[in-house]
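The values are calculated or read from the model by the stated rules, or taken from the named source; none is laboratory data. All values derive from a computational prediction rather than experimental measurement. Every residue, glycine as well, gets a Cβ built from its backbone with ideal geometry; the counts of neighbours run over all protein chains shown. These accessible areas exclude ligands, DNA and RNA; they are computed on the full protein's heavy atoms, side chains included. Shrake-Rupley method; radii C 1.70, N 1.55, O 1.52, S 1.80 Å.
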Amino acid sequence: MKKRMIKFLSIFLLIQTSYMTSEPIYKDKNLSIFPLNELETQQLNDLRTLALKFCNEKLKKEIKFPISLEDLHLATNHLNKRTDPNIIYGIGVLIGDILVLKHNMKWLAVEDEYGRDPVIFVDRTLYYIGTLTLISKRVEDGEKIDIKYIISQIENHMKENLKQYKSY
């Protein structure tokens, strides 16, 4: 009886928690913004771990979170078409982490007609960046990745355009 009650309460809490996290922070006809759910948070952590392991191996030193822009820049020189796509997405997570820490942004989930994805948002605005896939096409096309340049371009765009984005 006690095990059944604990199981029932666990399921009840899980349902309540998923209901609370399924409420959007913002919603309009084109998109909804949600807090990350547990699965999304775990996926980001898994990708982050893979990318940090890649950076450790390529730079032959122990790198911990948060990674420096310089170390990330050096590690991305080792990306190529044969690199595991999850490592490439993980590099995108690390790019997002750098921007989150530097610009007081946050990881949230955006849902639109294309699906739901973790992205970084400038706090309380509709300005967001999907960093997970930011470099994947470039790697696929064989381009040299210059993380410092990419981040500076993002920062310049934010500086020039942030005022145009709606707050919520």
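What is the percent carbon and sulfur in the accessible area of the chain, measuring with a 1.4 Å probe over the protein chains and ignoring ligands? Write out the running numbers ahead of the final one.
Details: 5970 of 10870 Å².
After summing per-atom areas, the C and S share lands at 55 percent.
In this Cβ point-charge picture (+1 for Lys and Arg, -1 for Asp and Glu), the chain has a dipole of about 540 debye about its Cα centre. Taking DSSP loops as anything outside H, G, I, E and B, show the longest stretch in the chain free of GluC sites (Glu not before Pro) there with at most 16 other beta carbons within 10 Å. With a cap of 16 other Cβ atoms within 10 Å, the longest stretch comes to 1-61.
Rolling a 1.4 Å probe over the heavy atoms of the protein chains gives the chain an accessible area of 65 Å² per residue. Among Ala109, Leu94, Gln43, which residue has its Cα positioned farthest towards the positive end of the charge dipole of the chain, with +1 placed on the Cβ of Lys and Arg, -1 on the Cβ of Asp and Glu, and the dipole taken about the Cα centre? Checked the options; the winner is Gln43. Counting only C-alpha contacts under 8 Å and six or more residues apart, can you give the relative contact order of the chain as a whole percent? Here the relative contact order equals 21 percent. Couplings for segment 42-51, taken from phi via the Karplus curve 6.51 cos²θ - 1.76 cosθ + 1.60 with θ = phi - 60°, read 5, 4, 4, 5, 5, 5, 4, 4, 4, 5 Hz in order; Gly and Pro are left as x.
Using the empirical formula 2.2 N^0.38 Å as the baseline, the Cα radius of gyration of the chain reaches a ratio of 1.19.
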